[in-house]
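A.B. asks: Sharing a structure with you now.
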Amino acid sequence: MKIPKDAAIVVVDMLYDFIDGSMACAHAEPAVAKALELLQQNSSATADGDTEEIIQGGGMVPVLFVCDSHPSDHCSFTEQGGPWPSHCVAGTRGAEIHDDLKPFADEACIFRKGCDKAVEQYSGFEGRNSAGQSLAEVLEILDTKGVVVVGIATEYCVRNTAEDLLKAGFPVTVLQDALGYVEHQGHLDALDAMKKEGIKIL
Ligand code: VGL
Ligand code: ZN
């Protein structure tokens, strides 16, 4: 799928704990494969960037990564009375972006959330990059006209991020083949709700 040059791709929580770790989600592996396909078609990986494509003006769609990044005693963990098993602890493999997608991840385009042990954050809008900028700020700087969202989990971080993007005024498209989820019915319900709100489901 080729997306317009003035759009951006937001990759939500394609991190090992949501793929094969403590919170391994359904459909996570195929979702990563779909996301990789999308990035290969629309963005140049920094590690093995295709110079030809850059010169031709292809592969220039910005890719922004939203990443759960928790301290080991985060309030959302069961040991702290929260609803989730320990996951995405900063500095562990579980918090790492999938290796296939990592070449597309520039440090300035990684937005970490859930870093404060006392605060749960499902929306990528609450994340900050290493320069302290929010997703909204960077999308404004990039003069983004629309956003394509992929990631994990549909019912939580994907939905919250997509809804905040829409509220901020961006047309939002969610790619359903590129989503992982906690529960199948919850995934379908979230897709339905997003569609009713005006988010395009492709
Ligand atoms: C998420 C539960 C807890 C998500 C993050 O990325 O959807 N879900 N932390
Ligand atoms: Zn989390």
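A.B. asks: Quick check on my filter: what residues within the stretch 135-189 are closer than 18 Å to Glu37 by Cβ and either open to solvent by 70 Å² or more (accessible area, probe 1.4 Å) or at pLDDT below 95 (or both)?
C.D. replies: Matches in the stretch 135-189: Gln176, Asp177.
A.B. asks: Related question: Report yes if Phe104 is farther than 30 Å from Ala7 by Cβ and surrounded by 15 or more Cβ atoms within 10 Å (Cβ to Cβ), otherwise no.
C.D. replies: Details: farther than 30 Å from Ala7 by Cβ: no; surrounded by 15 or more Cβ atoms within 10 Å (Cβ to Cβ): yes.
Taking the combined requirement at face value, the residue does not satisfy it.
A.B. asks: For the stretch 17-47, what are the residues that are open to solvent by less than 30 Å² (accessible area, probe 1.4 Å), over 16 Å from Ser86 (Cβ atoms) and in a loop (DSSP other than H, G, I, E, B)?
C.D. replies: Ser44, Ala45
A.B. asks: Another question about this same structure. Any idea which of Ala108, Ala118, Ala90, Ala131 is free of Cβ contacts under 8 Å to residues at least 60 places away in the same chain, of a type in the set (Gly, Ala, Ser), closer than 24 Å to Asn42 by Cα and away from ligand 1 (no atom under 12 Å from the Cβ)?
C.D. replies: Just one listed residue meets the conditions, Ala108.
A.B. asks: Related question: Are there any pairs, at least 6 apart or on different chains, whose C-beta atoms fall under 7 Å, with the first in the stretch 1-30 and on the phi > 0 side of the Ramachandran plot and away from ligand 1 (no atom under 11 Å from the Cβ) and the second open to solvent by 10 Å² or more (accessible area, probe 1.4 Å) and not in a helix (DSSP H, G or I), and if so, which?
C.D. replies: Here the result reads His27/Tyr181, each pair linking the stretch 1-30 to a residue that is open to solvent by 10 Å² or more (accessible area, probe 1.4 Å) and not in a helix (DSSP H, G or I).
The values are calculated or read from the model by the stated rules, or taken from the named source; none is laboratory data. Please read these numbers as outputs of a predicted model, since none were measured by experiment. Please note: Cβ atoms are built from the backbone with ideal geometry, for glycine as well, and neighbour counts cover all protein chains shown. When the accessible area is computed, the model is the full protein with side chains, heavy atoms only, and any ligands, DNA or RNA have been set aside. Shrake-Rupley method; radii C 1.70, N 1.55, O 1.52, S 1.80 Å.
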